[in-house]
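The values are calculated or read from the model by the stated rules, or taken from the named source; none is laboratory data. The structure presented is a predicted model; accordingly, all values stated were derived computationally and were not measured. Positions of Cβ are generated from backbone atoms using ideal geometry, with glycine treated the same way; all protein chains shown enter the neighbour counts.
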């Protein structure tokens, strides 16, 4: 019986993937049909998880699965009639709606913890009890019938845009990533990263940065990035002297950036494309420079941290002993890069992203067959389909629960009230409002996954930014960026727990060290708000100038955060570097030049101090031994 339950679970997960790969290729599907079918599969798989892992089912799991079948199946069957009801339902329909909402909350709790369900319940309570809230935050209040009808019987509630994006984009790209990794792309990227970055100071950690950057191009998932690349780089870092918590923090910081890296960014980026009605390709292009600046900042922080700890890069002999040559790696698996190139060409060429993913998936199976070591057997293909479906469950449930929150924000009008209050508190000052937006987004991110954090901020914070003149794309990328950075912050984040488990480190210490490594990236969103050229907009001369000053600013800010630049920095020097780096992120040429001068003076002063210290040490050695130092 256990064997059959496990096999049935894998078959259901594989069918889930196949159905929505077919839907992605086919294109248009009725809104209610697509989203109710997707949620039905997800809920069945969540409540059958115990069957897949342990080969057994509890009565409670069976009851929940049957209730999901009825609740989602009703919408799937009677979607045409529901479309004309405009949220006005009969008692049996509203009862089904209440049960379905409760099932979503329970499934989300199982996969992500209590934070999202509790916030959802708070928003539902706000919708029901608005009449009892005094002042401007109150509202006329809605009945339970109104709320359930809106959530269950309209396309703006549970079946709204976030669930549609999960069905159209998230599952398809998770499955694609699973196929690419099973074909051996992860091994290729790890080997190339080691050859490219292994001999730089802090070499094993730099391998993590390069490998995670490359893997992030096809994954868009921080936990997957951490698991695949971290399983190689974290033990390597520990072997060459990195403390366990620092090794985990390096991989955490590098993996989080995978959500920022085109062409496959995090799930929230696909939602952004639908929310602001821009082609995903345009968002991917705009996100490229900020993502590269993020990785530059992480790499610079690691380089400086390694210098402060006296950690070296790997020797040529060590690299050659542990990893294949570039030629050898490319000979064995280089053909898999064709899939990555095809993905970039199709997505940036304007193809419908899910359909492009299906084409690349099929191409990957064909390309992998060119070499015996990468060829995928039928069992491997089925396992990839099954595991891809399972890996998408957490993001899918987080998105479904976020849809409830987002719909209640829109339904009650609290987003408009929050935006007006934020603009009033900032006095219309853009910088102050941006700082308030950062605080709000990071606070949301302390407890919520990236997608949920972005969705709530998109409904509350983004309108405030747009009202003071921040372009729509820049406003949404701004809150998306900080939603990603918040995933590094304890206690939220599967990537945090994944890297800590691999390293055997304390997760709180890992998270705090990871935050420190990424602090230099906190200025980058300010850069693209005030310098649109960082989003690949405007003249080529502006692009070259602003990318150059921003890159220098990120490096000097990394030095200020790490407290090291050609030697240990004083607090005054660190403060000066922060001020100078801020100037480098300003569009004014004068302020950028002033910032460069300030940072340059600090750097030259540290170089001079190091030379003096080196000369003094040499003189002392000469005096002690009578031998002239070389």
Query raised in the report: Which of the residues that make up the stretch 562-581 are over 22 Å from residue 611 (Cβ atoms), in contact with a helix residue (DSSP H, G or I) (Cβ under 7 Å, 6 or more places away or on another chain) and surrounded by fewer than 24 Cβ atoms within 10 Å (Cβ to Cβ)?
Result: 578, 579
Query - Top-ranked residue in the stretch 592-611 [being over 15 Å from residue 570 (Cα atoms) and in contact (Cβ under 8 Å) with a residue 24 or more places away in the chain; ranked as surrounded by the fewest Cβ atoms within 10 Å (Cβ to Cβ)] - result: 596
Query - Matching option when the condition is within 30 Å of the chain's Cα centre (by Cα), outside the structural domain of residue 306 (by TED's automatic domain parsing) and assigned to a helix (DSSP H, G or I), among 578, 598 - result: 578
**Report entry** Members of the stretch 498-515 found to be assigned to a helix (DSSP H, G or I) and either surrounded by fewer than 19 Cβ atoms within 10 Å (Cβ to Cβ) or out of contact with any helix residue (DSSP H, G or I) (no Cβ under 9 Å at 6 or more places or on another chain) (or both), listed by number
**Finding:** 501, 508, 509, 512
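If the requirement is being surrounded by 23 or more Cβ atoms within 10 Å (Cβ to Cβ), outside the structural domain of residue 46 (by TED's automatic domain parsing), part of a helix (DSSP H, G or I) and at pLDDT below 90, which of these qualifies: 192, 176? If you could, list the steps in order and put the result at the bottom.
Values: 192 fails: surrounded by 23 or more Cβ atoms within 10 Å (Cβ to Cβ).
Residue meeting the stated conditions: 176.
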Query raised in the report: When you scan the stretch 431-490 for helices (runs of 4 or more DSSP H) that lie fully inside it, which ones turn up with 3 or more residues that are over 28 Å from residue 393 (Cβ atoms) and more than 14 Å from the chain's Cα centre (by Cα)?
Result: 462-467, 472-486
Report summary line: Checked against (1) part of a helix (DSSP H, G or I); (2) under 29 Å from residue 218 (Cβ atoms); (3) not assigned by TED's automatic domain parsing to the domain that holds residue 169, residue 379 satisfies every condition except (3)
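Going through the stretch 195-210 one residue at a time, which ones are part of a loop (DSSP other than H, G, I, E, B) and out of contact with any helix residue (DSSP H, G or I) (no Cβ under 6 Å at 6 or more places or on another chain)?
Looking only at the stretch 195-210, we keep the residues that are part of a loop (DSSP other than H, G, I, E, B), and these are 198-202.
199, the sole residue that qualifies.
Which residues, counting only those in the stretch 24-34, are over 12 Å from residue 164 (Cα atoms) and surrounded by 16 or more Cβ atoms within 10 Å (Cβ to Cβ)? Spell out how you get there, then give the answer.
Let us first name the residues in the stretch 24-34 that are over 12 Å from residue 164 (Cα atoms), namely 25-27.
Passing the criteria: only 25.
Going by what's in this entry, would residue 193 be described as within 25 Å of residue 391 (Cα to Cα), under 23 Å from the mean Cα position of the chain (by Cα) and touching a residue at least 12 places away in the same chain (Cβ under 8 Å)?
Numbers: within 25 Å of residue 391 (Cα to Cα): no; under 23 Å from the mean Cα position of the chain (by Cα): yes; touching a residue at least 12 places away in the same chain (Cβ under 8 Å): yes.
Answer is no for this residue.
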Report task. Go through the stretch 211-231 and give me each residue that's closer than 16 Å to residue 496 by Cα and not in a helix (DSSP H, G or I). Result -> 220, 221
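Applying the selection to the stretch 22-36, what residues are within 22 Å of residue 386 (Cβ to Cβ) and touching a residue at least 40 places away in the same chain (Cβ under 8 Å)?
First pass over the stretch 22-36, keeping only residues within 22 Å of residue 386 (Cβ to Cβ): 22-26, 34.
Selection gives 23, 24, 25, 34.
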Report summary line: Going through (1) surrounded by fewer than 14 Cβ atoms within 10 Å (Cβ to Cβ); (2) more than 19 Å from residue 94 (Cα to Cα); (3) without any contact (Cβ under 8 Å) to a residue 60 or more places away in the chain one by one, residue 61 fails only at (1)
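Of all residues in the stretch 537-558, how many are in a loop (DSSP other than H, G, I, E, B) and surrounded by fewer than 16 Cβ atoms within 10 Å (Cβ to Cβ)?
If we filter the stretch 537-558 for residues that are in a loop (DSSP other than H, G, I, E, B), which is where we start, we get 537-539.
This time we only want the ones that are surrounded by fewer than 16 Cβ atoms within 10 Å (Cβ to Cβ), so: 538-539.
Number satisfying all stated conditions: 2.
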Query raised in the report: Which one of the conditions (1) at pLDDT below 80; (2) closer than 20 Å to residue 359 by Cβ; (3) surrounded by 24 or more Cβ atoms within 10 Å (Cβ to Cβ) does residue 215 fail to meet, given that it meets all the rest?
Result: (2)
Query raised in the report: Could we say that residue 202 is assigned by TED's automatic domain parsing to the domain that holds residue 386, over 27 Å from residue 402 (Cα atoms), modelled with pLDDT under 80 and surrounded by fewer than 24 Cβ atoms within 10 Å (Cβ to Cβ) here?
Result: no
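Report yes if some residue within the stretch 395-407 is part of a loop (DSSP other than H, G, I, E, B), in contact with a helix residue (DSSP H, G or I) (Cβ under 7 Å, 6 or more places away or on another chain) and touching a residue at least 60 places away in the same chain (Cβ under 8 Å); otherwise report no.
Within the stretch 395-407, the first condition is being part of a loop (DSSP other than H, G, I, E, B), and the residues that meet it are none.
No, the stretch 395-407 contains no residue that is part of a loop (DSSP other than H, G, I, E, B), in contact with a helix residue (DSSP H, G or I) (Cβ under 7 Å, 6 or more places away or on another chain) and touching a residue at least 60 places away in the same chain (Cβ under 8 Å).
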